[in-house]
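The values are calculated or read from the model by the stated rules, or taken from the named source; none is laboratory data. In this text, all values refer to a predicted model and were calculated from it rather than measured experimentally. Glycine also receives a Cβ, built like all others from the backbone with ideal geometry; neighbour counts cover every protein chain displayed. Note: areas computed on protein heavy atoms with side chains; ligands, DNA, RNA excluded. Shrake-Rupley method; radii C 1.70, N 1.55, O 1.52, S 1.80 Å.
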Amino acid sequence: MDMENRELNRRRFIGAVSAASAGLVLGVSPAFGGVTDTKDKLAILGGNPVRKNKTWPQWPYVDEKIVKSVTKTLESRLWSRINNPVNGRVAAFEKEWAAMLDAKYCVATGSGTQALNTCVEALGIGPGDEVITSPYTDMGTIASILVSRALPVLVDIDRESFQLDPAIVAKRITPNTKAIIPIHIMGQPCDMDHILAIAKKHNLYVIEDACQAHLGQFRGKRLGTIGDVGCFSHQSSKTICCGEGGSIVGNSEELMEKCYTVHNHGTSRKGADETIGSKYRMNELEGAVLVAQLVNAKEQWKRRNENAAFLTSGLKDCPGVVPQKLYDGTESGSFYLYAMGYRKEHFNNVDRKVFLKALSAEGVDISPYISNGLHRAPWVDHILGLKEYKAMYSPARLKQYREEIDCPVCDRICTEEMLMLWASGPLLGTKADMSDIVNAILKLYEHRDQLSRVTL
């Protein structure tokens, strides 16, 4: 064994002790073993896998409380929130979800995309306006801006955190900029200190895209309650979910009433048809699932954070896999996804595809997540060719928009570096499960010389 591998084993022991100490503080006992108990040969080359014939916790989560809540709602035959606006399941979810987040108000919608677009409309953002956001997101974020015929200005991201880079945000502000939509990607907080400072300086709205960030905390506040409004998705993969569904939270009664009116096809709670809006209402069956799911939400959130801390501790001495950077002020995340950056120079320069294939053979499946940033998607050419956008924005502005849309850091993360554990289910696993993940990665690192023999 060479000096570097002996040093790795020494560091692994120290890391294991650190992880054990962290586990004892949290009231858990991490499992040990893995690399030192397996053959020196990688599983993809015929060795014994670290993890064999094991399953992860299933997601979406279902228990008897959820089944009973849905059954009771079905039997009531009151399936629309309009049938039971005060005492229905949607109203109950709105009240309880707002309370969990320490927010004053909540409006439930049919999706996270609908929540975001409702906020864009309620804030009066529309044709001729610009909204700054990240290319590293679901298309729903961009769609929420396009539906209102505003211009999504995409800004590159930070390589370590995968979040919107505030330094570039500051450079992309124009007289037409009206809002910033920071995306708490993977469920961990953006650099909100700098984003809020930029917004205050230029008098911009902040719409938090917290669609992946249920219950995360930053400087004493829950994500989604830091900006003017915050939006969540409750799509089936999310950590609090109902198939589809979304929600908006905020502390301004006036703004949240505008959100209600917009999401209710422009009709206010008083029944007056006041403004432009689509029908974005959540239905009672979705509300029934969510209300019952909230019972276990904090316990599951705590477990994901504990397991994420275990993984980060276990991987701290592996330079080839770098856990997502968390900004100063971060107290917790949702850890909807556990994300890492792949550094191939520490794995004999083998391509990420080779690494992922070898890791899968060890019994741990990890994904590269988003294949291309949205700055490379066809919608860009589509809107630049539309007569509406040509009428709303000058040729010079559209030319500048085209020239500035490149996001090289995002490209690098998408095509070379992102490693992502789908966490809504897996991060509810045991410490033995987490040890399997750590040990599989460390096994590949220790025997990285073998990776060059792996074929795709």
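The table below lists the values:
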| read-out | value |
| --- | --- |
| Residue selected from the range 289-327 under the condition of a type in the set (D, E) and assigned to a helix (DSSP H, G or I), by the criterion nearest to I437 (Cα to Cα) | E306 |
| Flag for R149 being open to solvent by 10 Å² or more (accessible area, probe 1.4 Å) and under 18 Å from P127 (Cα atoms) | yes |
| Every residue from the range 263-284 that is open to solvent by less than 50 Å² (accessible area, probe 1.4 Å), within 18 Å of V147 (Cβ to Cβ) and among the polar types (S, T, N, Q) | N264 |
| Pairs with Cβ under 6 Å, 6+ apart, first in the range 398-415 and in contact (Cβ under 8 Å) with a residue 24 or more places away in the chain, second buried (at least 19 other Cβ atoms within 10 Å of the Cβ) and assigned to a helix (DSSP H, G or I) | I405/H375; C407/H375 |
| Criterion: in a strand (DSSP E or B), buried (at least 22 other Cβ atoms within 10 Å of the Cβ) and under 16 Å from the mean Cα position of the chain (by Cα) - qualifying residue of G230, G224 | G230 |
| Qualifying residue in the range 365-373 (condition: among the acidic types (D, E) and at pLDDT below 95) | no |
| Selection count where residues are under 26 Å from M186 (Cα atoms), surrounded by fewer than 21 Cβ atoms within 10 Å (Cβ to Cβ) and of a type outside the set (G, A, S), scope the range 236-262 | 2 |
| Of all residues making up the range 252-283, the number that are among the basic types (K, R), out of contact with any helix residue (DSSP H, G or I) (no Cβ under 6 Å at 6 or more places or on another chain) and in a strand (DSSP E or B) | 1 |
| Flag if G88 is closer than 30 Å to S148 by Cα and either surrounded by 14 or more Cβ atoms within 10 Å (Cβ to Cβ) or touching an Asp or Glu at 6+ places or on another chain (Cβ under 9 Å) (or both) | no |
| Qualifying residue in the range 369-377 (condition: part of a helix (DSSP H, G or I) and surrounded by fewer than 19 Cβ atoms within 10 Å (Cβ to Cβ)) | yes |
| Matching entry among L444, L428 (being within 26 Å of the chain's Cα centre (by Cα) and at pLDDT 95 or above) | L428 |
| Residue check, L419 in a strand (DSSP E or B) and in contact (Cβ under 8 Å) with a residue 24 or more places away in the chain | yes |
| Residue satisfying all of: in the range 295-316; of a type in the set (A, V, I, L, M) and open to solvent by 10 Å² or more (accessible area, probe 1.4 Å); nearest to G243 (Cα to Cα) among these | V295 |
| Answer from S80, S134, S111 - the residue that is more than 20 Å from the chain's Cα centre (by Cα) and in contact (Cβ under 8 Å) with a residue 24 or more places away in the chain | S80 |
| Leading residue by the ranking (most open to solvent (accessible area, probe 1.4 Å)) among those in the range 328-349 that are in contact with a Lys or Arg (Cβ under 6 Å, 6 or more places away or on another chain) and part of a loop (DSSP other than H, G, I, E, B) | N348 |
| The range 43-75, subset part of a loop (DSSP other than H, G, I, E, B) and more than 32 Å from the chain's Cα centre (by Cα), residue surrounded by the fewest Cβ atoms within 10 Å (Cβ to Cβ) | G46 |
| Failed item in (1) open to solvent by less than 80 Å² (accessible area, probe 1.4 Å); (2) in a strand (DSSP E or B), with S360 passing the rest | (2) |
| Residue tally, condition assigned to a helix (DSSP H, G or I) and open to solvent by 90 Å² or more (accessible area, probe 1.4 Å), over the range 392-407 | 4 |
| Given (1) in contact with a Ser or Thr (Cβ under 8 Å, 6 or more places away or on another chain); (2) open to solvent by less than 10 Å² (accessible area, probe 1.4 Å); (3) more than 17 Å from S334 (Cβ to Cβ), number of the condition H214 does not satisfy | (3) |
| Qualifying residue in the range 164-174 (condition: in contact (Cβ under 8 Å) with a residue 24 or more places away in the chain, in contact with a strand residue (DSSP E or B) (Cβ under 6 Å, 6 or more places away or on another chain), open to solvent by less than 10 Å² (accessible area, probe 1.4 Å) and not hydrophobic (A, V, I, L, M, F, W, C)) | no |
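The rows are residues; the columns are (1) of a type in the set (G, A, S); (2) free of Cβ contacts under 8 Å to residues at least 60 places away in the same chain.
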residue: M256; (1), (2): no, no
residue: G266; (1), (2): yes, yes
residue: L285; (1), (2): no, no
residue: A309; (1), (2): yes, no
residue: C318; (1), (2): no, no
residue: S334; (1), (2): yes, no
